[in-house]
1. Among the residues of region 363-383, which ones are open to solvent by less than 10 Å² (accessible area, probe 1.4 Å), farther than 18 Å from Thr460 by Cβ and in a helix (DSSP H, G or I)?
2. Restricting attention to region 43-75, report how many residues are among the small types (Gly, Ala, Ser), outside any helix (DSSP H, G or I) and crowded, with 17+ Cβ neighbours inside 10 Å.
3. Of the conditions (1) touching a residue at least 24 places away in the same chain (Cβ under 8 Å); (2) among the charged types (D, E, K, R); (3) in a loop (DSSP other than H, G, I, E, B), Lys419 satisfies every one except a single condition; which number is it?
4. Restricting region 336-362 to residues that are open to solvent by 10 Å² or more (accessible area, probe 1.4 Å) and in a loop (DSSP other than H, G, I, E, B), which is farthest from Ala299 (Cα to Cα)?
5. Conditions first: (1) under 27 Å from Val305 (Cβ atoms); (2) among the β-branched types (Val, Ile, Thr); (3) not in a loop (DSSP other than H, G, I, E, B). Val396 passes all but one, so which condition is the exception?
6. Which residues, taken from region 384-425, are of a type in the set (Phe, Trp, Tyr) and open to solvent by 20 Å² or more (accessible area, probe 1.4 Å)?
7. Looking at Tyr249, Tyr262 in this structure, which one is touching a residue at least 24 places away in the same chain (Cβ under 8 Å), part of a helix (DSSP H, G or I) and open to solvent by 80 Å² or more (accessible area, probe 1.4 Å)?
Amino acid sequence: MASTLAQKVWADHLVYQGKDGAPDLIYIDLMLMHEVTSPQAFEGLRLAGRKPRHTDLLIATEDHNTPTVDIDKPNPDKTSAKQLSTLEKNCKEFGVLLHPLGDADQGIVHAFAPNLGLTQPGMTIVCGDSHTSTHGAFGALAFGIGTSEVEHVMATQTLSLKPFKTMAVNVEGELPKGVTAKDIILAIIAKIGIGGGQGHVIEYRGSAIRSLSMDARMTICNMSIEAGARAGMIAPDETTFEYLKGRPYAPTGEMWDKAVAYWKTLKTDDDATFDKEVTINAADLVPYVTWGTNPGQGAPISANVPDPADIADAEQRQATQSALEYMGLKPGTPIKSIPVDTVFIGSCTNGRIEDLRAAASVMKGHHKADSIHRVLVVPASSRARLQAEDEGLDKVFEDFGAEWRNAGCSMCLGMNPDKLVSGERSVSTSNRNFEGRQGKGGRTHLASPLVAAATAIRGTISSPADL
């Protein structure tokens, strides 16, 4: 029977097939852990007198609560400090490998694992974090799970789930200059909505997707969850294999050859069908930016803020009105005229080395606008930070007037010192712009590193073409 990529990976991990509508039991190859969703899971094992079934298939890092400056000093936030110390104690007690703050392989959970070659095609990967979908860029079936499920995987290395529906998003053609992976995914979410992929695994296909680097593919899969999808996937190819080869956890020698032979089978059969399918013409895409309070409220950067009066659907009209009130925007305002206070470049969406290079290429020779309060550049992993410094990117950022930070989730979310204050407006390369996401009362516009860098130069939302 013809199968999609997601169905093939699911079938290869099927331990027990549920009967009469009951869920299946699937094997989990790798679970990534961090300080936020793991304490309850560890405590559950402790109370039950259990040990992890396969500690070699668990790996942890510190990212959400970590400070990005003065990491060699005591953490000033007592709650964050306790979260981090608890993870360290739990990992030591249960024998789970941890890359803590200050370690060369520390970083955001969805950035450090690909760096090490832990993320590989055909794997099932879970984490107590919604943006686990990032790892689908390698042809892995990767998705976020809840705390009780984290405990279940630790205890059994399996998960009880019903099969997901499948969805194809075809992006065909050549991308125009200045259009990035972030613009592709923002355009997709604007088209299908934040519930457009609900219950589905989205497979991104087409010539425009195949032309992307692994860093760019991770950006797209990362934000699948923002379209309501359970996961996002891209079939592995030579770009994938080249990225993985030689990394610490990648197979070597004869095992590498066997792995690649298997990985090459991980593609949707020509006669397979999807439950839903969407096609986008890459040539029609432009830089996108969000104007509202969810990732689906986005538009081309040259557009105007929408007018609720022009929206026929009552629910959508009210949602637009509420978003504009929170964002402090008037209908019809040109997006390019919106002044910005803060620019954040980082996160598991756009904090990789290619993102840092892109931002630096725009900033080089410029200085941030006087009206911009601060520009934070935060690498997604310590390895990306070290590589950026080897290339001299840190000097470009500092000469520009930006703050060059240590790796972590940083201003993607308000769980560490890098927060917006009420009413402060940011352009952010992260993945969510919900009310208060970057700090209580903060206003967030999602964009690519290119748009973020150009905005930092001009002081209003801009693309490099506006410089």
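1. Result: no residue meets the conditions.
2. Going through region 43-75 one residue at a time, the tally reaches 1.
3. Answer for Lys419: the failing condition is (1).
4. Filtering first and then ranking leaves Arg352.
5. Result: Val396 passes all but (1).
6. Trp404
7. Every option except Tyr262 fails the conditions.
A quick yes/no check of all residues on (1) open to solvent by 40 Å² or more (accessible area, probe 1.4 Å); (2) touching a residue at least 12 places away in the same chain (Cβ under 8 Å); (3) touching a Lys or Arg at 6+ places or on another chain (Cβ under 6 Å); (4) assigned to a strand (DSSP E or B):
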{"position": "Glu242", "(1), (2), (3), (4)": "yes, no, no, no"}
{"position": "Asp270", "(1), (2), (3), (4)": "yes, yes, no, no"}
{"position": "Val286", "(1), (2), (3), (4)": "yes, yes, no, no"}
{"position": "Asn294", "(1), (2), (3), (4)": "no, yes, no, no"}
{"position": "Pro306", "(1), (2), (3), (4)": "no, yes, no, no"}
{"position": "Ala312", "(1), (2), (3), (4)": "yes, no, no, no"}
{"position": "Arg317", "(1), (2), (3), (4)": "yes, no, no, no"}
{"position": "Tyr326", "(1), (2), (3), (4)": "yes, yes, no, no"}
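The values are calculated or read from the model by the stated rules, or taken from the named source; none is laboratory data. Not measured: the values here are computed from a predicted model. Note that each Cβ is placed from the backbone with ideal geometry, even for glycine, and that neighbours are counted across all protein chains shown. Ligands, DNA and RNA are excluded from the accessible area calculation, which covers all protein heavy atoms including side chains. Shrake-Rupley method; radii C 1.70, N 1.55, O 1.52, S 1.80 Å.
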